[in-house]
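Take a look at the structure set out below.
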Amino acid sequence: MADPSSYRPKPGQIPDSPGVYKFRDEHRRVIYVGKAKSLRQRLASYFQDLAGLHPRTRTMVTTAASVEWTVVSTEVEALQLEYSWIKEFDPRFNVKYRDDKSYPYLAVTLNEDFPRVQVMRGQKKKGVRYFGPYSHAWAIRDTVDLLLRVFPVRTCSAGVFKNAERTGRPCLLGYIGKCSAPCVGRVDPEEHRELAEEFCDFMAGRTGTYIRRLEKDMVLAAEDMEYEKAARLRDDIEALRRAMEKSAVVLADATDADLIAVAEDELEAAVQIFHVRGGRVRGQRGWVTDKVEAVDTAGLVEHALQQLYGEESGDAVPKEVLVPALPEDLDAVTQWLGARRGSQVSLRIPQRGDKKALMETVGRNAQQALVLHKTKRASDLTTRSRALEEIAEALDLETAPLRIECFDISHLQGEDVVASMVVFEDGLPRKSEYRRFQIKSFAGQDDVRSMHEVISRRFRRYLIEKERTGEWVAEDGEVPAELSEDDGRPKKFAYPPQLVVVDGGKPQVAAARRALDELGIDDVAVCGLAKRLEEVWLPDDDDPVVLPRSSEGLYLLQRVRDTAHDFAIRYQRTKRHKRIRTGPLDAVPGLGDARKQALIKHFGSVKRLRQATIEQICEVPGFGRKTAEAVAVALAQAAPAAPAVNTATGEIMEEDDGGTGHV
C-alpha cells in the first residue's frame, strides 16, 4: 500500500486549467482516468487526509504510485480524451458498463448494390442503416415478415443470391411475393433500392404516408372493380398496422428521444435505455456495472452517455436525451453530444406529462434488472465459489485458484500444429486474455514436446514482463528493447495464474511442470484433465485424482478444458484453410485479395488467366506492366507438367473454365 504523499505533486506544479489525469500503480499500469474543469482543484482533493476520502477513492490512491495529467483547451476536449483513455487503458478503478447480452439490430445494407434486410449484432458497419436494438431476434423477424409483404426487399445471403442469379430461379420468398427477386431481374437495382429506402422510412417512424397511400389505392381499385388488387392492398394495410402495433405509441408528439434510467445500491448499478423514434419504442437495452469508483447518479449517467454515443454519429444520436440526473459538466456533455450528432441535442430531466411517466417505466425496468442481476449473481457466485474450493481441496492448494489458464494442442496428422491458452478468472471466461500459439521449435506430431514449448514461451514472457516492471531482475540486468515501453496498457502475459490446466494425462502434465521448473517458477500449480475417464493428473503422483461426477469443481475443469479445446481447433482449422486456399498468385509480391479476385472476375478462371498475354492482364484495372509480368511468371512456374487423366475412362481432365480456382 502506497502513501499518497510520496507521489503528491509539488505546490504550483498542477495547472489551474481543464485537463485529464491518470493514476498509475507501481508497475506503471493505468488504474484510474478522470477529467476536471480545474486540474489543480480536482487533484488536490485526492491528497487530503485518508480518513476523509470515500473508501473506494482511498483504495485507489493507496494503490497508485504516481499521477500525471494532460492539459486541454476546453471541457469538451477533456470529455473526449477521458473516453479515449478509458477505452485504451481499461483502468480497474473506472466504472465500465458491461452489456448483459449482445443486442440484435435490424440492419439494411444500403452499401450494397442490392440492399439486404437482416439481423445483425456486434460492431456497426459504415453504410448500413440500423434500427433497434431489440431484446430478442425473433421480435425483429416477426416484424420483418409482416413488412416484406409491402416492401419485398431482399433478405437472402450473398451465396443464395448468386446461386439464384446463376440458375435464373428465385428462392421461395420470390415465388410467394415476399421478395421482389432482383436476382432474376424482376426489378432493376434502382427500383429495389427505392423499396429498401421506403422500408427504412417506415421503420424510422414515417408510417402514416404509406398507409394513406395504400388506402387510396385500395379505394381506387375497388371503384375500378379490381377486387383482387383491392383485397391484396387491404391485407397489406393490415400487415403494416400489425407491425405498428408491435411498438405502441408512448409519446404523442412523434418524439425522437432516448430515455436513460439508473437503479443503484452501494455496490452495483443497472442502467436501462429506451430508444423512442417517431413516438414509439424502437429498441431497449441495459447494462450492469460494479461501482468501483466513488460515483453518484449524475456520474453514472455521464458514463452511460459516453458508452452509448462514444462511437455513434448522425441520427444515431437523438435530438433529445432524457435522464434522471444531469451530469456535472452539463454544457460540455451537451456540446459533445451536439458534435456527435451534427446539430443541437437537448439533455434534460423530464418534469411532467408522458415523458415523465415513460421515464418512471424505464426506471422500473432498471430496478428489476438490478434485482434480477443480483439474484443470478448470488446463485452463480455461490456455485463458482464452491467449484473453486473443491478444486483447491482436491489439488491440495493453499487458496482457491482465482485465475486458471488452460492449454491445449491441436493438429491434423502432424500438420498445422497450434496451441491455445484460455483464461478463467473467478470461474468465468476472460476472453480478452485468450492467446494462440504456433509451434515453432520442430515439425511433426509430438503433443508432449509441443506442450513444453508453449508453457515455456508463455511463462518466459511473464518473467520478462516482471523484469520490465521491476518485480524481478534477471542476472544480466538487461530488459529486451521490444518490451521496455511504459505506456500503461495491460500486457499480454503480465499476470500469472494460480493453476495451469493442460489437456491430457501424465506425460503432458510432466512436460508442463518441467517447463516451469526450468524457468524457476514454483508458485504455480499444474494439473491435467484426461478426456477418457475425466481423471485429474498431478505432476508427482502415480495415480490420478478422481473427482465425483456431480462435483462442481470437475464441471468447471471440464468447461475450462473444453473451451481451450474448441479455441485451439478453430485456430487450427483457420490455418489449414488458409494453407489449402493458397495458389500460384500468392507468390506475386504486393498482390492482395482484392486484386486477385479482380483478375479471376475479369478472366473467369485460373485457366483462362494462365492463357492470357501480359497485354491482356494489363487491361485489368489496377494492373501495370510490371505486376502483369509478375503474374504471368508466377502462373507459368506453377503450371501443371501434364494434364490430369481419368484412369477409368482415359479422358483428359481439363480445368473447368467456369470455376474460380485457387487464387
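The values are calculated or read from the model by the stated rules, or taken from the named source; none is laboratory data. It should be emphasised that the depicted structure is a prediction, and the values quoted were computed from it without experimental measurement. With ideal geometry, Cβ positions are generated from the backbone for all residues, glycine too; neighbour counts draw on all protein chains shown. Keep in mind that these areas ignore ligands, DNA and RNA; they rest on the heavy atoms of the full protein, side chains included. Shrake-Rupley method; radii C 1.70, N 1.55, O 1.52, S 1.80 Å.
Annotation for the stretch 155-230 versus the stretch 522-552: alpha-carbon center distance of 61 Å. When all protein chains stay in place and ligands, DNA and RNA are ignored, the 1.4 Å accessible-area order of 436, 213, largest first, is 436, 213. Between residue 594 and residue 121, the distance separating the two model label sites (each 7 Å from Cα on the Cα→Cβ line) works out to 3.0 nm. Once the gyration tensor of the Cα atoms in the stretch 11-120 is diagonalised, the equivalent ellipsoid follows with semi-axes of 38, 18, 11 Å, ordered largest first. With the highest mean first, a sort of the peptides 184-194, 282-292, 64-74 on other beta-carbon atoms found within 10 angstrom per residue produces 282-292, 64-74, 184-194.
Step through the table entries 356/376; 178/575; 162/575; 124/626; 37/376; 178/319, compare each Cα-Cα distance with 32 Å, and write down the pairs that go over it. Mind dumping the intermediate values first?
Details: 356/376 30 Å; 178/575 40 Å; 162/575 27 Å; 124/626 39 Å; 37/376 40 Å; 178/319 34 Å.
Long pairs (Cα-Cα over 32 Å): 178/575; 124/626; 37/376; 178/319.
By the gyration tensor of its Cα atoms, with a ≥ b ≥ c the square roots of the eigenvalues, what is the shape of the stretch 242-373: rounded for a/c under 1.5, prolate for a/b over b/c, or oblate? Because a/c hits 1.5 or more and a/b fails to exceed b/c, the stretch 242-373 counts as oblate.
The order of 435, 352, 42 by accessible area, most exposed first and with a 1.4 Å probe, is 352, 42, 435. Within the accessible surface of the stretch 394-460, defined with a 1.4 Å probe on protein heavy atoms only, the carbon and sulfur portion equals 42 percent. Each peptide in 306-312, 561-567 was scored by the mean count of other Cβ atoms within 10 Å over its residues; highest first, the order is 561-567, 306-312. Looking at the stretch 515-565, the accessible area is 53 square angstrom per residue; that uses a 1.4 Å probe and ignores ligands, DNA and RNA. Ordering 37, 506, 87, 22 by accessible surface, largest first, gives 87, 37, 506, 22; the 1.4 Å probe counts only protein heavy atoms, with every chain in place. Other residues with beta-carbon under 13 Å from the beta-carbon of residue 393 carry, at +1 per Lys or Arg and -1 per Asp or Glu, a net charge of -4. For residue 327, neighbours were defined as the other residues whose beta-carbon sits under 13 Å from its Cβ, and their charges (Lys and Arg +1, Asp and Glu -1) total -4. To the nearest 10, the accessible area of residue 227 is 140 Å² with a 1.4 Å probe. What's the carbon and sulfur percent of the stretch 284-352's accessible surface, probe 1.4 angstrom, rounded to a whole number? Ligands and nucleic acids excluded, carbon and sulfur reach 41 percent.
Over the stretch 1-104, Cα pairs under 8 Å with separation of 6+ residues give a relative contact order of 37 percent.
Accessible area per residue, 1.4 Å probe, Å², for the stretch 1-80: what's the number? Walk me through the numbers on the way to the answer.
Numbers: 3920 Å² over 80 residues.
Result: 49 Å² of accessible area for each residue.
In percent, how large is the relative contact order of the stretch 256-409, given Cα pairs closer than 8 Å and 6 or more residues apart? Intermediate results must be reported in sequence, preceding the final value.
Numbers: 210 pairs, mean separation 35.8, N = 154.
Over the stretch 256-409, the number comes to 23 percent.
Kindly identify the stretch 331-406 as rounded, prolate or oblate by the Cα gyration tensor criterion: order the square roots of the eigenvalues as a ≥ b ≥ c, call it rounded if a/c is under 1.5, otherwise compare a/b with b/c, prolate if a/b is larger, else oblate.
Cα axes put the stretch 331-406 in the oblate bin.
Subtracting the Cα-Cα distance from 0.36 nm times the residue separation, let me have the gained length for residue 7 to residue 352 in nm, one decimal.
Roughly 119.2 nm would be gained on extension.
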